[in-house]
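What follows is a set of notes on a single structure, which appears directly below.
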Amino acid sequence: AVVSTQSTGAIVTGYKRGLRNQHSSISLLKIEGVDTKGDTEFYHGKRVAYIYRGQKARKNKVTKRETKLRVIWGKIRRAHGSSGLVRASFRTNLPPKAIGATVRVMLYPSRV
Amino acid sequence: KAVVSTQSTGAAPTHKTKQVQGEKNGGSRQVPLAKKPRFYPTEDSKNPLNNRRKVKPTKLRSTISPGSVLILLAGVHRGKRVVCLKQLPSGLLLVTGPYKINGVPLRRVDQAYVIATSTKVELPAMPESLTDALFKRKAKPTKNEKEMFVENTTEEPKISAEKIALQKEVDALVVPAVKKVDMLQSYLRSRFTLTKGQFPHEMKF
């Protein structure tokens with residue numbers, strides 16, 4: 001699915017975990033179109049945004065507009081495994097309801 | 001304390017040779033001309049190390065050079081394709097649409113927020129006045145007590161006349177260079193987008 005024209009989509013598959021314990025400070029993302037460890041190199045360091053809605057409209061500090069949309073920013077840290085999954089950490093940990101949700105992977109900071 | 005002889009190097013004499021009496025006293029001694037002060041701190045203070053660091057602008061990516069077409073990734077002009085003019089001493093890239101073609105004015109941009117394409121434009125020499133000083137914000141004149149409650153009747157134009165003039169000057173140089181290349185003008189008019197099935201890691205810019 002095309003999330004936006006200037007970013008790729010990724011699905012949050014869960015937190016970094018062993019079978020019986022999970023570490024919610026690191027989320028695992030499945031980036032669209034990436035299925036090998038080599039492909040993930042492009043995305044290392046790229047910023048990632050989890051966008052969600054709240055009940056109340058708040059003023060966005062950057063655009064100065066009243067909006068119900070809220071963001072949690074993060075970045076892609078490293079590959080996870082050999083099948084293209086990626087570890088990301090966010091400024092505040094992703095809420096569990098984000099599991100299965102789409103997250104936007106920006107194209108910056110760019111190294112191309 | 002071991003006395004390091006500086007006499008041999010030809011520097012100003014710091015020690016004086018004095019004859020000493022007594023058979024077993026070695027005959028002569030090196031006495032410092034300037035005596036150490038009677039009171040000195042209990043701990044020797046270290047001299048701070050020399051800072052030999054030279055501030056350089058950020059290392060320019062090998063794919064970026066004057067005349068490269070870049071894709072802006074963030075900000076109001078995200079997705080727009082622009083021409084890189086040069087790297088400023090602050091490290092930022094100076095970029096222009098050109099304004100006539102896609103509405104991007106003379107603007108500074110960080111390398112990290114830009115994708116460099118392999119397309120290049122041959123640029124002529126640019127005016128000397130393209131520096132960081134061009135983008136420095138002008139301080140608002142402070143009002144004294146009387147003027148504080150008086151409405152500012154004269155509106156400051158958002159973009160100074162000199163900037164507009166400089167933009168026209170630069171565009172007059174860049175636009176003909178762009179028109180020389182086939183289809184480049186319409187390329188700069190268009191925006192970079194990702195559509196379904198397109199993945200940036202598979203793309204060659």
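How would chain A be classified by its alpha-carbon gyration tensor: rounded, prolate or oblate, with rounded meaning a/c under 1.5 and the a/b versus b/c comparison settling the rest? Oblate is the answer for chain A, as a/c is 1.5 or above yet b/c matches or exceeds a/b.
Annotation: amide H-H contacts under 5 Å for B:THR119 (H modelled 1.01 Å from N, sequence separation of 5 or more, or interchain): B:VAL69.
Exposure check, 1.4 Å probe, all protein chains in place: B:SER45 carries approximately 100 Å² of accessible surface. Once you order the gyration tensor axes a ≥ b ≥ c over the Cα atoms, which shape class does region A:1-66 get: rounded for a/c under 1.5, otherwise prolate or oblate by comparing a/b with b/c? Oblate.
Evaluated over region A:5-97, the count of Lys pairs having alpha-carbon atoms less than 26 Å apart is 26 (only pairs 8 or more residues apart or interchain). Among the residues of region A:75-112, those with an accessible-area drop of 10 Å² or more from chain alone to full protein complex, heavy atoms and 1.4 Å probe, are A:LEU107, A:TYR108, A:PRO109, A:SER110, A:ARG111, A:VAL112.
Here the accessible area of chain B is 54 percent carbon and sulfur, with a 1.4 angstrom probe and all protein chains present.
Calculated accessible area for the protein assembly as shown comes out at 71 Å² per residue, all protein chains present (probe 1.4 Å; ligands, DNA, RNA ignored). Note on B:ASP171: accessible area approximately 10 square angstrom, rounded to 10, probe 1.4 Å, nucleic acids and ligands left out.
Accessible area lost on pairing A with B, both sides, 1.4 Å probe, Å² to nearest 100? Heavy-atom accessible area buried at this interface is about 1600 Å². With every protein chain in place and a 1.4 angstrom probe, the accessible-area ranking of A:PHE90, B:PHE205, largest first, reads B:PHE205, A:PHE90.
Protein-only accessible surface at a 1.4 angstrom probe places the residues B:LYS54, B:LYS179 in the order B:LYS54, B:LYS179, largest first. Remark: mean inter-chain Cβ contacts per residue of A:33-42 equal 2, using a 10 Å Cβ-Cβ cutoff to other protein chain atoms.
For the peptide B:186-199, the mean number of other protein chain Cβ atoms found within 10 angstrom of a residue's Cβ is 3.
Residues whose amide H falls under 5 Å from that of A:TYR108, counting only those 5 or more places apart or on a different chain, are A:ARG47, with hydrogens built in the peptide plane. Per-residue mean of foreign Cβ neighbours for B:113-121 is 2 (Cβ atoms of other chains, 10 Å radius). Net charge of the neighbourhood of B:ARG108, taken over other residues with C-beta under 14 Å away and scored Lys/Arg +1, Asp/Glu -1, is +3. Based on the alpha-carbon gyration tensor of region B:44-127 and its eigenvalue square roots a ≥ b ≥ c, which shape applies: rounded if a/c is under 1.5, prolate if not and a/b is larger than b/c, or oblate? Prolate is the answer for region B:44-127, as a/c is 1.5 or above and a/b outweighs b/c.
The values are calculated or read from the model by the stated rules, or taken from the named source; none is laboratory data. Here the structure is a predicted model, which means the values were calculated and not measured. Note that each Cβ is placed from the backbone with ideal geometry, even for glycine, and that neighbours are counted across all protein chains shown. Surface areas here come from the heavy atoms of the whole protein model, side chains and all, with no ligands, DNA or RNA. Shrake-Rupley method; radii C 1.70, N 1.55, O 1.52, S 1.80 Å.
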